[in-house]
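Okay, structure first, notes after.
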Amino acid sequence: MIEKIMKKAIEYDKGDPRRVHHLLKVHSFAKAIGTLENLSQKEMQILEIAAIMHDIGIHECERKYSSTGGNFQEIEGPPIAKALLEEFNLPKEILERILFLIGHHHTYSGIDGADYQILVEADFLVNIYEDGMDEKQIKSIKERIFKTDSGKYFLEKLYLDAKK
């Protein structure tokens, strides 16, 4: 099912390889961190689908607000994701959690579960590179945001150990 959802998201983002590459990278990091952190099968399903769909509202944000701001993504993403996920007949509690994560993936206070924490970390691992953040920003993000051992490991190996 994950691959079919990924195909659906890629179809939605067709013609925008930057967004597709972003979702693929965030999904890959989320899956790796979730596996290393021993998430349950249910948590992994939620995490992987949320990672694939986390930025699904970005085109609507550009159209409506001329912005890709995280606050706008949190508003526009869940309804689009809900419509795209409808055919997969996900249990209500799983779908609601996925939509919650999409609607909060740029909100860093009140993180209430491993799935949420890992989604945020995976998104940062990709955004740090894509946005060309400097070492000071990366260290601040590490201290403020990263909680999982696996997420910290990837952050350090990708961005901080190389600086030593």
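The values are calculated or read from the model by the stated rules, or taken from the named source; none is laboratory data. No experiment lies behind these values; they were computed from the predicted model shown. Here the Cβ positions follow ideal geometry from the backbone for every residue, glycine too, while neighbour counts run over all protein chains shown.
Structure data summary
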quantity	calculated
Flag if Asp149 is in contact (Cβ under 8 Å) with a residue 60 or more places away in the chain and either touching a strand residue (DSSP E or B) at 6+ places or on another chain (Cβ under 6 Å) or over 16 Å from Ala9 (Cα atoms) (or both)	yes
Options Ser66, Ser40: the member that is on the phi > 0 side of the Ramachandran plot and either modelled with pLDDT under 95 or out of contact with any strand residue (DSSP E or B) (no Cβ under 8 Å at 6 or more places or on another chain) (or both)	Ser66
Complete set of residues in the range 29-63 that are under 18 Å from Ile98 (Cβ atoms) and of a type in the set (Ser, Thr, Tyr)	Ser40
First in the range 19-43 and without any contact (Cβ under 8 Å) to a residue 12 or more places away in the chain, second anywhere and surrounded by fewer than 18 Cβ atoms within 10 Å (Cβ to Cβ) and basic (Lys, Arg), Cβ under 9 Å, 6 or more apart	Val20/Lys14
Sole residue being closer than 22 Å to Gly34 by Cβ, buried (at least 20 other Cβ atoms within 10 Å of the Cβ) and in contact with a His (Cβ under 9 Å, 6 or more places away or on another chain), chosen from Gly151, Gly77, Gly110	Gly77
Residue, nearest to the chain's Cα centre (by Cα), within the range 77-105, restricted to residues that are within 27 Å of Lys14 (Cβ to Cβ) and outside any helix (DSSP H, G or I)	His105
Filter result (in contact with a Gly (Cβ under 8 Å, 6 or more places away or on another chain), modelled with pLDDT of 95 or more and either in a loop (DSSP other than H, G, I, E, B) or within 18 Å of Gly57 (Cβ to Cβ) (or both)) within the range 106-138	Ala122
Residue list for the range 63-110, restricted to those being of a type in the set (Phe, Trp, Tyr) and out of contact with any helix residue (DSSP H, G or I) (no Cβ under 6 Å at 6 or more places or on another chain)	Phe88, Phe100, Tyr108
Selection from the range 59-76 of residues that are part of a helix (DSSP H, G or I) and either over 17 Å from the mean Cα position of the chain (by Cα) or within 18 Å of Ile2 (Cα to Cα) (or both)	Glu60, Glu62, Arg63, Lys64, Tyr65
